[in-house]
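Everything below concerns the one structure shown next.
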Amino acid sequence: MAELIDIEEKREKLILCAVCTGETAEAEESLDELAELCDTAGAVTLGRVIQNLDCPSKATYFGKGKVEEIRLLALQLGATGIVCDDELSPAQLRNLEDALDMKVMDRTMVILDIFADHAITSEGKIQVELAQLKYRAIRLTGFRDYLSRLGGGIGTRGPGEKKLEVDRRRIHDRIGQLKTELKDVERHREESRKQRKSGFTLSCAIVGYTNAGKSTLLNTLTGAGILAEDKLFATLDPTTRAMELEGGQTVLLTDTVGFIRKLPHNLVDAFRSTLEEAKYSDIIIHVADCTNPQVEAQMHTVYETLRELGIGDRPVVTVFNKIDREGAPEVIKDLNADYTVRISAKTGEGIDELKDILGMIIRSRRVYLEEVYGYNEAGIVQKIRKKGQLLSEEYAEDGIHVTAYVPAELFGTLIRKNDGKKDD
């Protein structure tokens, strides 16, 4: 028990703070989510403060009176710091720390900390570090007047680089190095995409709000065996697995990083190569937690992020997940989706219907083929079986009678010429 108490004492004890410029209910919902983020990051929430203002103070985010109120509340509750629900400017961060004499964080810091803890692959670690350094680089600005540089020539000599300037230079050097490493990763990812396209295999990107059940769905559909926990951003690194549908159709499914409201732009930029798996996919599977009271706002956030990435011309299948939970609505709509289906990725309910929808979309993108091939052309039938959907094959005296759905790009190479010879 003593060890548990020691662990608990080491956890950050935080007060959640927000400036509300609109509906108070929206601010409360955002703070509920911030509390989940803090819990995922390993902190304890002691209380919350919301101030209604037309706009946040440029100097201290809150009004002066509210800053003093927060300071007294923190002392009363024994808090070790506060977390603001918006991204703070360098001046706001510095002024609040001076006024409160305690640790001040913002929503972006918490998300970056979670990402740093959950990144496993080298690509994920590069992306997270790049986002962290960009965030820090911005917060090192504003100190130019206090810096001096040792340069060449008369009038440029000084005491040398100050610590902040050294930090800035090191950060920018590291950012450049990470960008180079990330470009190598992007080239590898692009080659993988080209190989998939050359095989005429359609791909689906699984997107959705964080903790909607994307990883659980991938596990259910493919047996991927990736981590799936009931917490925000449990998995960051994309996983691609093949799934075989009825009739031998194969489709590739890729799990992507979860979205969240107020997702830091540095993270969007750093994870762009990962998120663009959705951009280069043929179908978008949008997973939504239908039991979440903010499901409509969460779906809006997902679509806004997809638009930011330039994804708008893909068929969208919205999967309303977690219908096995008590209180799951019987009817829920998504007017932005081409197809909707209610499922439980945990129990498997509705999965067959989802597979039927995917199969229908794939068939709509393919061409019906009815052809007779000579027995010396049996390899063509194997190609159809591998890259299309073979509906039937009948071995007769005049050859192999085949009916199938095949990729449009492949159709021209499968049609027999008038002279009876096959152009392959």
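Annotation: of all residues in the range 406-415 being assigned to a helix (DSSP H, G or I) and over 35 Å from the mean Cα position of the chain (by Cα), the one that is surrounded by the fewest Cβ atoms within 10 Å (Cβ to Cβ) is G412.
Here T291 fulfils each of the conditions (1) open to solvent by less than 20 Å² (accessible area, probe 1.4 Å); (2) within 24 Å of E23 (Cβ to Cβ); (3) among the polar types (S, T, N, Q) apart from (1). Considering G158, G176, the condition of being small (G, A, S) and at pLDDT 75 or above is satisfied by G176 alone.
Can you work out which of the residues in the range 57-76 that are more than 35 Å from the chain's Cα centre (by Cα) and of a type in the set (A, V, I, L, M) is nearest to R11 (Cα to Cα)? Among them, the one singled out is L75.
Within the range 168-186, residues that are under 17 Å from A137 (Cβ atoms) reach partners that are part of a helix (DSSP H, G or I) and open to solvent by 90 Å² or more (accessible area, probe 1.4 Å) with beta carbons closer than 8 Å, at six or more positions or on different chains, in the pairs I171/R136.
Taken over the range 109-155, residues that are modelled with pLDDT under 80 and of a type in the set (F, W, Y) amount to 2. Within the range 77-89, restricting attention to residues that are surrounded by fewer than 19 Cβ atoms within 10 Å (Cβ to Cβ) and within 27 Å of the chain's Cα centre (by Cα), the residue that is farthest from T21 (Cα to Cα) is S89. Within the range 74-102, the residues that satisfy the criterion of being under 25 Å from V128 (Cβ atoms) and touching a residue at least 60 places away in the same chain (Cβ under 8 Å) are T80, G81, I82, V83, C84, D85, D86, E87.
Pairing residues of the range 200-212 that are over 17 Å from I323 (Cβ atoms) with residues that are part of a strand (DSSP E or B) and of a type outside the set (A, V, I, L, M), at Cβ distances under 6 Å and at least 6 apart in sequence or on separate chains, gives F200/P407; T201/T250; A205/T254; I206/D255; V207/H286.
Scanning the range 179-217 for residues being at pLDDT 80 or above, open to solvent by 20 Å² or more (accessible area, probe 1.4 Å) and either within 30 Å of T291 (Cα to Cα) or of a type in the set (A, V, I, L, M) (or both) gives a total of 3. Of note, Q51 does not satisfy the criterion of being crowded, with 21+ Cβ neighbours inside 10 Å, polar (S, T, N, Q), touching a residue at least 24 places away in the same chain (Cβ under 8 Å) and closer than 26 Å to G22 by Cβ.
Listed here are the residues, each with its yes/no results for (1) modelled with pLDDT under 85; (2) among the small types (G, A, S); (3) not in a helix (DSSP H, G or I).
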| position | (1), (2), (3) |
| --- | --- |
| F320 | no, no, yes |
| T347 | no, no, yes |
| K355 | no, no, no |
| L369 | no, no, yes |
| E377 | no, no, no |
| R385 | yes, no, no |
| E393 | no, no, yes |
| A404 | no, yes, yes |
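Pick out the one residue from V317, V341 that is within 23 Å of L263 (Cβ to Cβ), in contact with an Asp or Glu (Cβ under 8 Å, 6 or more places away or on another chain) and of a type outside the set (G, A, S). Within the list V317, V341, the selection yields V317. Could you check the range 258-316 and list, in sequence order, the residues that are of a type in the set (V, I, T) and under 11 Å from the mean Cα position of the chain (by Cα)? I260, V268, T274, V302, T305 - these are the residues of the range 258-316 that are of a type in the set (V, I, T) and under 11 Å from the mean Cα position of the chain (by Cα). When E28, E69 are checked against the criterion of being within 18 Å of N292 (Cβ to Cβ) and open to solvent by 40 Å² or more (accessible area, probe 1.4 Å), E28 stands alone in meeting it. State all residues of the range 218-264 that are among the small types (G, A, S) and at pLDDT below 80; if no residue qualifies, say none. Across the range 218-264, the qualifying residues are A224, G225, A228, A234, G247, G248.
Yes/no matrix, rows are residues, columns are (1) open to solvent by less than 30 Å² (accessible area, probe 1.4 Å); (2) of a type in the set (A, V, I, L, M); (3) touching a Pro at 6+ places or on another chain (Cβ under 7 Å):
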| residue | (1), (2), (3) |
| --- | --- |
| L306 | yes, yes, no |
| K333 | no, no, no |
| D338 | no, no, yes |
| D356 | no, no, no |
| S364 | no, no, no |
| L369 | yes, yes, no |
| Y395 | no, no, no |
| H401 | no, no, no |
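The values are calculated or read from the model by the stated rules, or taken from the named source; none is laboratory data. Computed from a predicted model, the values in this text were never measured in an experiment. For neighbour counting, all protein chains shown are included, and Cβ atoms are generated from backbone atoms with ideal geometry for every residue, glycine included. Remember, those area values only see protein heavy atoms, side chains included, never the ligands or the DNA or RNA. Shrake-Rupley method; radii C 1.70, N 1.55, O 1.52, S 1.80 Å.
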